[in-house]
Structure formats: C-alpha cells, structure tokens
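What follows is a set of notes on a single structure, which appears directly below.
The values are calculated or read from the model by the stated rules, or taken from the named source; none is laboratory data. Please read all numbers here as calculations on a predicted model, not as lab measurements. In this analysis, Cβ positions are derived from the backbone assuming ideal geometry, glycine residues included, and neighbour counts consider all displayed protein chains. For the accessible areas, the whole protein counts, side chains as well, though only heavy atoms, and no ligand, DNA or RNA atoms are used. Shrake-Rupley method; radii C 1.70, N 1.55, O 1.52, S 1.80 Å.
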Amino acid sequence: MLSKRLTNLHPYVPGEQPKDRVYIKLNANENPYPPHKSVAEAVSKAVLENTEKLGLYPDPDATELRKAIADMLNQTGGVLSRARGKQNADGSCTCSPSEQDKIPFTVTPDMIFCGNGSDEVLSFVFYTFFDSDRPLVLPEFTYSFYPVYCGYYNIPMNPIPLKDDWTLDVEKMLFEANKSDSAIIFANPNAPTALSLSREQVRGMIKKAPKDKVFIVDEAYCDFGGESCIPLLSEFDNLVIVRTFSKSLSGAGMRLGFTVASPKLTESIFTVKNSFNHFPIDFVTQTAGIASCKSAFYYAENARKIVSNRTRLTDFLREKGWFVIDSSTNFVFAKKEGVSGEAVYQSVKQDGLLIRHFATPGIEDFVRMTIGTDEQTSALIKSLEKF
C-alpha cells in the first residue's frame, strides 16, 4: 500500500514541545521577545476591516511583502544586531546598516521569494536546484533538515566532516564539489555549532566552486552577528541565500521564510512553487510579515539584547570549565568534561528549563542552549551552577 519512496524518509525531529507542564523553552532557538506591537495591531485591523479576505485566496506572489522584505534588507544590511535605529520627525523609526554590512546595490522585490517558513523555502530550493544524479555537498553536522529533504527528493549526499576545531572543512568541501560537479549548501552561521564564516571566506569558496551549480548559504542566524552574503549577489549569479522570520524577527509562530537571489534564479523557484502550491503564504501572515519589516529597529534592539546575554552565558560557562564554541547565533553549543549531554539536559529539565541534546554520534556530549531574556538566562545559569 505504501510507496517505495517512503522507505527513504527520515523525518526531522524538532525541539521538544512540552505538553505536561510549563517550561522555560530554550531548546528551539525561538526569539524570547514577542513581535512588535504593530504586528498584532496590523493583523487585528486587517482581519476586522477586511474579514472577507479570510475567505478569499491571498496574493500568490506576496507582492507587498516582498517589497517590505527588500526595503528591510536595504535598511539593515541583513544583520540586525549591528543595525542602528533612528527616530523620524513623524514618530516612526528607520534603520541604517553598519559600515560592515552595507549592501553595494539595492535589493529589489524580484530578488525575493517567500514561503511558509525557511523549511518550505528550502524544500523548493532543493527541488529547483539539486538533482539525483550527483551528490549534494554539505557539512556532516549542520541543519538536520537538509538530509531530510535529500531523502524526500532522492538526492544523494556527500557529508564532509568538520575540522577538529568544529569549523567547516572548506577545502575538502570544494574538492568534493568540483570532483562531482555538485552544488554546495551550508548554514552560515552553522547549526548546531554556531560558528560563522566571514563574507570573504564565502567569496573565496564561491570562486572555487563549480560555476554551473548553485551555491546555497542558509542565513537563518545571521542577524545575531554573522556577515551576510547578500552583498556577494552583485558578483555571483549562482548564489542563493535563505533567510527566516523565525529567529531574529520573532516570527516562528507565523511561518515565514524567504530567499534572496538573482531575479532569474528567483523566477525558477516561483515556477516550482506554482507547480506545488500556488498560495503558500496566507493573508494574515503576509500582513504580519509586512508589519514586522517596518519595525526593524525594534528587532535590532532585541538582537543586541540576545547578543549581550549570549556573552553573559558564555563567560559563565567558560569560568566554570565548560568548552563553549564561539557563537554568532542566538544559542551556544557547549559541553562539560565528565558530564554527558543527556545528563545536563535532564538536570536542567528538572529545574523547569528545556535545552536541546542531540544523540547524534560525535556531538552527543554537547547541549545547545537558546539565549533567552535576562531573567531566563539567569534561571539557566542558576540551574547550570550545579555542574
């Protein structure tokens, strides 16, 4: 009764979603701060004043949302934690990018594709650009949805082990990609290791990678201190960047992700989307996404708060003898000699906090801890003091 394809599926396992009690959730890399109040206001107003739109199909191209995303990227440079807000005469606020993050061109709406979270966007990317006749090159430890989609679309994988210092083995990845004329995908900053390549390092990779294959950089966590590769789109027409509202924009509950790429590659992703689901982003989510983009200054401030608490947690752990990988994300990846990752996870859970433990061989001694508010970080530190 079941298809043979089903035997190749190994579903993604998300962070634990508690049902039995209330926990401080630091296991799914969600943003601890709520969306800006203008988001709820915009959604409420849109639904109350345009109730009929709930019964009509939404804009299939998310036209206004893509304009808002492009404008936000131009204002922030793609890294919220370094963007600065400015109060305007009319009471509104705008952002400006740091010198480091300025984009040397204007991002336009035809460079943006939107979907239901970056997971759906990645699904369309995998279908659009990767074939079953050659292996996809990716790090051994990275976002665990990549292997899921490889199984779903019957795409062979060539996972490259990380170096001893947990960084990507760039030379090995390039060697394997050129040997098989394959595409490359990785998260930058990487997950779960939290390390980031600089824009110059990525530029060097793209120059040496196969020119006739796409080069995918997943920037889900870039807003917390990485360097966005959006500026490289002026140099490379085979680059595709994947982004999400789930982390820095407090939008995990509304499911919204997007790509930034050349208009030609973006059009190709639209072709796949329109062959699968012509209306992927509902009216409410489009409204919320537009309002979020207009409040970038608020999310920039929150990103800086998260970076501050990340430093506080990292300093505490290192003072207590933990091994902590440098983080450019909204989480830290750490282990304590002589204590299993499972033991840390269970102990913290007993104190009412959820963190993430992976049973995957090679990283089973680590735990991944999402950065919370000041109060949540203090509660986590208190729980970890026993170690």
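Quick notes on this one:
- Screening Asp218 against (1) closer than 30 Å to Lys4 by Cβ; (2) modelled with pLDDT of 95 or more; (3) surrounded by fewer than 19 Cβ atoms within 10 Å (Cβ to Cβ); (4) not hydrophobic (A, V, I, L, M, F, W, C) leaves a single unmet condition, (3).
- Of all the listed residues (Leu136, Leu48), the sole one being touching a Phe, Trp or Tyr at 6+ places or on another chain (Cβ under 7 Å) and not β-branched (Val, Ile, Thr) is Leu136.
- Screening Arg318 on (1) assigned to a helix (DSSP H, G or I); (2) touching a residue at least 12 places away in the same chain (Cβ under 8 Å); (3) in contact with a strand residue (DSSP E or B) (Cβ under 7 Å, 6 or more places away or on another chain) shows it passes everything except condition (2).
- Candidates Ser81, Ser44 - the one that is assigned to a helix (DSSP H, G or I), under 21 Å from Gly253 (Cα atoms) and among the hydroxyl-bearing types (Ser, Thr, Tyr): Ser44
- For the range 164-181, the tally of residues that are in contact with a helix residue (DSSP H, G or I) (Cβ under 7 Å, 6 or more places away or on another chain) and outside any helix (DSSP H, G or I) stands at 0.
- Residues within the range 282-295 that are closer than 28 Å to Leu197 by Cβ and either modelled with pLDDT under 95 or open to solvent by 50 Å² or more (accessible area, probe 1.4 Å) (or both), tallied: 0
- Residues of the range 261-318 satisfying the condition of being out of contact with any Leu (no Cβ under 9 Å at 6 or more places or on another chain), basic (Lys, Arg) and under 30 Å from Leu384 (Cα atoms): Lys305, Arg310, Arg312, Arg318
Quick grid of which residues meet (1) closer than 21 Å to Gly226 by Cα; (2) of a type in the set (A, V, I, L, M):
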{"residue": "Ser96", "(1), (2)": "yes, no"}
{"residue": "Gly115", "(1), (2)": "no, no"}
{"residue": "Glu140", "(1), (2)": "yes, no"}
{"residue": "Val148", "(1), (2)": "no, yes"}
{"residue": "Pro159", "(1), (2)": "no, no"}
{"residue": "Trp166", "(1), (2)": "yes, no"}
{"residue": "Asp181", "(1), (2)": "no, no"}
{"residue": "Pro189", "(1), (2)": "yes, no"}
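- Condition check for Ser234: modelled with pLDDT under 95 and either under 19 Å from the mean Cα position of the chain (by Cα) or among the small types (Gly, Ala, Ser) (or both): no
- Residues that are within 28 Å of Ser295 (Cβ to Cβ) and open to solvent by 10 Å² or more (accessible area, probe 1.4 Å), drawn from the range 247-272: Lys247, Ser250, Ala252, Gly253, Met254, Arg255, Pro263, Phe270
- Restricting attention to the range 353-386, the residues that are open to solvent by 20 Å² or more (accessible area, probe 1.4 Å), not β-branched (Val, Ile, Thr) and not in a strand (DSSP E or B) add up to 14.
- Residue check for Leu48: free of Cβ contacts under 8 Å to residues at least 12 places away in the same chain and either surrounded by 17 or more Cβ atoms within 10 Å (Cβ to Cβ) or over 25 Å from Ser98 (Cβ atoms) (or both): yes
- Residues that are surrounded by fewer than 15 Cβ atoms within 10 Å (Cβ to Cβ) and closer than 28 Å to Ile230 by Cα within the range 24-37 comprise just one, Pro34.
- Within the range 93-117, restricting attention to residues that are without any contact (Cβ under 8 Å) to a residue 40 or more places away in the chain and not in a helix (DSSP H, G or I), the residue that is surrounded by the most Cβ atoms within 10 Å (Cβ to Cβ) is Pro97.
- Extreme residue, most open to solvent (accessible area, probe 1.4 Å), among residues of the range 118-155 that are closer than 25 Å to Thr329 by Cβ and of a type in the set (D, E, K, R): Glu140
- Residues in the range 170-183 that are open to solvent by 40 Å² or more (accessible area, probe 1.4 Å) and in contact (Cβ under 8 Å) with a residue 24 or more places away in the chain: Asn178, Asp181.
- Candidate set from the range 330-352 (those that are closer than 16 Å to Lys382 by Cβ and part of a helix (DSSP H, G or I)); member that is most open to solvent (accessible area, probe 1.4 Å): Gln350
- If you go through the range 38-67 and keep only what is among the charged types (D, E, K, R) and over 23 Å from the mean Cα position of the chain (by Cα), you end up with Glu41, Lys45, Glu49, Glu52, Lys53, Asp59.
- Scanning the range 64-86 for residues that are open to solvent by 50 Å² or more (accessible area, probe 1.4 Å) and either closer than 26 Å to Pro280 by Cα or of a type in the set (A, V, I, L, M, F, W, C) (or both) gives Glu64, Lys67, Asp71, Asn74.
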